[in-house]
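The next block holds one structure in the form of structure tokens; read it before the comments.
All of the numbers you see were taken from the coordinates with simple rules; none came from a lab. Quick caveat, the model's predicted, so the values are computed rather than measured. Cβ coordinates were reconstructed from backbone atoms using ideal geometry, including for glycine residues, and neighbour counts include every protein chain displayed.
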Amino acid sequence: MATKGMSVLRHIVEQERKFPQATGSLTGLLMDLIYAAKVISREVNKAGLVDILGLTGEENISGDEIKKLDEYANGKLFSAMDHGGHLCVMASEENDEVIPIPDKFPKGKYVLLFDPLDGSSNIDANVSIGTIFSIHRKKTEGENGTLEDCLQKGSDQVAAGYILYGSSTVLVYTTGQGVNGYTLDPSVGEFLLSHEDIKTPSKGEIYSANEGNAKFWDEGTKKYISYLKEKDSDTGRPYSLRYIGSLVSDFHRNLLYGGIFLYPADCKDPKNPKGKLRLLYEASPLAFIVEQAGGMATTGKENIMDIVPTELHQKVPLIIGSKEDVLTYQKFVGDYAD
Ligand code: AHG
Ligand code: MN
Ligand code: MN
């Protein structure tokens, strides 16, 4: 029985006990991930004091400028996860190809995909940023994982979560048994249960979108956003716009308060014809979490969790949040489909 303030390790072990066939490997994987999160949190929280802000001068395959902290977080995650014997392969937003587990280390049955630092354009301005992760089971033969093991649809995820480095450091994750949130108590260096069994409101009063891209949107999206600005029969007031430009932060706020986040296809922008967000380590893990919390995630045309990936860094339009709000969006897109 979970109690507020319970340590994340104790809660994970309690959850594991519900599955007699569990080997403890997923628990070990999550503990390695949690260690990496604590190290990254420490560096993020003192980034201004050490020479770790600014750009590396390189770009990743998605064309994003790589920040020093992106690279730091990427390195910390890889070095925390490569030797535990729980993984057969990893993939990161910052690495063009999949990352094999070094020969000298034992291999495991899980696949880890991650965005080491999401919202990194905000790092130098001290705006909240986060790490997003997605865990799949290996499905190919042999001990070494492959690209095929990474290209699995969201509904096959074993676990997914994020760590938000904000006013406090919060870990939110699911293994398909609901969603729980843990807050890092720096004085003991432990994540303690703070948000048990998170359920997102069925309808919100917040929308999150970069309206600077509005001229690139399809007609249905434009009509939907205009509708949100009109009087709402239930609340008698328009929705509020809240957009931080850090997906994990916008998502976490909407998960707790209710609301809808939209990064549609900028279909008239050759730079972002499929939108900007990546399926495997942004949209898919957050879709797993939001569905476990009673919400919904779609491209506008199909459920994010049903998409069969074809490329490691493929982008998808992402509309995610309170179920009633996402369903209303889908109706507008359907009504105005060209
Ligand atoms: P990342 O920092 O991992 O590249 O992700 C940035 C993403 C996401 O965090 C955010 O929602 C989106 O970029 C903001 O994009 P715009 O600046 O185009 O609104
Ligand atoms: Mn990101
Ligand atoms: Mn990133």
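Report, ordered by chain and residue number, the aspartates and glutamates lying within cross-link reach of residue 38, taken as a straight Cα distance under 18 Å and ignoring same-chain residues fewer than 8 apart.
Of all the aspartates and glutamates, those that pass the test against residue 38 - Cα under 18 Å, at least 8 places apart if same chain - are 70, 71, 82, 115, 118, 185, 190.
Across region 206-335, how many lysine pairs separated by 8 or more positions, or lying on different chains, have Cα atoms within less than 18 Å?
29
Determine the sum of side-chain charges near residue 147: Lys and Arg each +1, Asp and Glu each -1, restricted to other residues whose C-beta is under 14 angstrom from that of residue 147.
-3
Take the chain, connect every pair of alpha-carbon atoms lying under 10 Å apart with a spring to form a Gaussian network, then pick out the residue of 177, 292, 157 with the largest mean-square fluctuation.
Answer for the Gaussian network model of the chain: 177.
Restricting to Cα atoms and excluding each atom paired with itself, what does the Kirkwood estimate give for region 206-335 in Å?
14.6
Once the other residues with Cβ under 15 Å from the Cβ of residue 181 are scored (Lys, Arg +1; Asp, Glu -1), what is the net sum?
That sum, taken over residues with Cβ under 15 Å, equals -1.
Order the peptides 123-134, 244-255 from the highest to the lowest mean number of other Cβ atoms within 10 Å of their residues.
Descending mean neighbour count gives 244-255, 123-134.
Using the C-alpha atoms of region 73-123, what convex hull volume per residue, in cubic angstrom, is computed?
Taking the convex hull of the Cα positions in region 73-123, it is 66 Å³ per residue.
Suppose only helical runs count, i.e. DSSP H with n ≥ 4. What mean residue ellipticity at 222 nm does that imply for the chain under -39500 (n - 2.57) per run, divided by all residues and rounded to the nearest 500 deg cm²/dmol?
-8000 deg cm²/dmol
Per q in 0.11 1/Å, what log10 I(q)/I(0) does a Debye calculation on the alpha-carbon atoms of the chain return?
At q = 0.11 Å⁻¹ the computed log10 ratios are -0.69.
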